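A short write-up of the structure that comes next.
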Amino acid sequence: MTRWRRRRSQRGQSMVEFALVLPVIMVLMLGMIEMGFAINHNTSMVTATREGARVGAALRNGHPKCGLPDDALSQAVDPQIIAALEGILVSPGSPVNVRQVSTVELIELDENGATTGNKNTWASSVDASGNPTGTLLPGSATQHLYFAPQGGGFGGNWAAYTRCGSAPAHSIRVKITYTYKFVTPLGSVISAVGGNLFGSGQITMTDQTTMALEPPTP
């Protein structure tokens, strides 16, 4: 009888220990899975900002030379940057939900790598069904981008026609701000065990790439 009671007590103790350890195991397991998903999203963002910065650095003001007035070519520069970036984000291999991209910023840096205060901000622009309603894709009369300049105009104070790669060369920085929503119930599990970290089930992710503007044609 005593031996039976001892075994029953040990089984009960094991159940209590398992109940205490289980939430920790779940948090660790879900954390590793969620990290994999987050890294995958971030990889697409890195590729997108690189592509946008590359296009922006190559196009400069839309002309081979600097100092030219504002025209249709210079006005098409920023939409082409956004189109290049967007093309990566919506590609078949990208897990990014383009509707969760809060902003795309095009920022000017001086020859020392410091921001000049000039930047243009593009914000998500979709309808209730998630279809793009932003600026028209350059060269198209019907296809819209998923983004539009924030506040109208070109979205800030950095007109494309003023950009030039002449020494001292300035740079363009392309920055994405993205709301990553958890794929797993990690936030709910953490909340259930008394934590408030990631309780909303989402985090804000950013990525940026900077490239020097290409020099003009001699």
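The values are calculated or read from the model by the stated rules, or taken from the named source; none is laboratory data. Every value quoted in this text rests on a predicted model; they were computed, and no experiment measured them. With ideal geometry, Cβ positions are generated from the backbone for all residues, glycine too; neighbour counts draw on all protein chains shown.
Descriptive notes on the structure:
- Restricting segment 114-128 to residues that are modelled with pLDDT under 95 and either more than 17 Å from the chain's Cα centre (by Cα) or aromatic (Phe, Trp, Tyr) (or both) leaves a set whose member that is surrounded by the most Cβ atoms within 10 Å (Cβ to Cβ) is ASP127.
- Residue count, segment 100-124 (criterion: of a type in the set (D, E, K, R), outside any strand (DSSP E or B) and either within 15 Å of GLY155 (Cα to Cα) or touching a Ser or Thr at 6+ places or on another chain (Cβ under 6 Å) (or both)): 1
- All conditions in (1) of a type outside the set (Asp, Glu); (2) in contact with a strand residue (DSSP E or B) (Cβ under 9 Å, 6 or more places away or on another chain); (3) buried (at least 19 other Cβ atoms within 10 Å of the Cβ); (4) outside any loop (DSSP other than H, G, I, E, B) hold for ILE88, with the sole exception of (2).
- From THR184, THR177, THR204, THR162, residue being exposed (fewer than 13 other Cβ atoms within 10 Å of the Cβ), β-branched (Val, Ile, Thr) and modelled with pLDDT of 85 or more: THR204
- When residues in segment 138-157 are screened for being buried (at least 19 other Cβ atoms within 10 Å of the Cβ) and part of a loop (DSSP other than H, G, I, E, B), 4 of them pass.
- For segment 33-79, taking the residues that are among the acidic types (Asp, Glu) and assigned to a helix (DSSP H, G or I), the one that is farthest from THR204 (Cα to Cα) is identified as ASP78.
- Residues that are over 19 Å from ALA212 (Cβ atoms) and either touching a Gly at 6+ places or on another chain (Cβ under 8 Å) or not hydrophobic (A, V, I, L, M, F, W, C) (or both), drawn from segment 49-71: PRO69, ASP70, ASP71
- Candidates are the residues of segment 207-218 that are in contact with a Gly (Cβ under 9 Å, 6 or more places away or on another chain) and not hydroxyl-bearing (Ser, Thr, Tyr); the one that is modelled with the lowest pLDDT is PRO216.
- The single condition among (1) buried (at least 17 other Cβ atoms within 10 Å of the Cβ); (2) at pLDDT below 95; (3) among the aliphatic types (A, V, I, L, M) that VAL77 does not meet is (2).
- Looking across segment 1-48 at every residue that is modelled with pLDDT of 80 or more and of a type in the set (Val, Ile, Thr), the one that is nearest to THR209 (Cα to Cα) is identified as VAL46.
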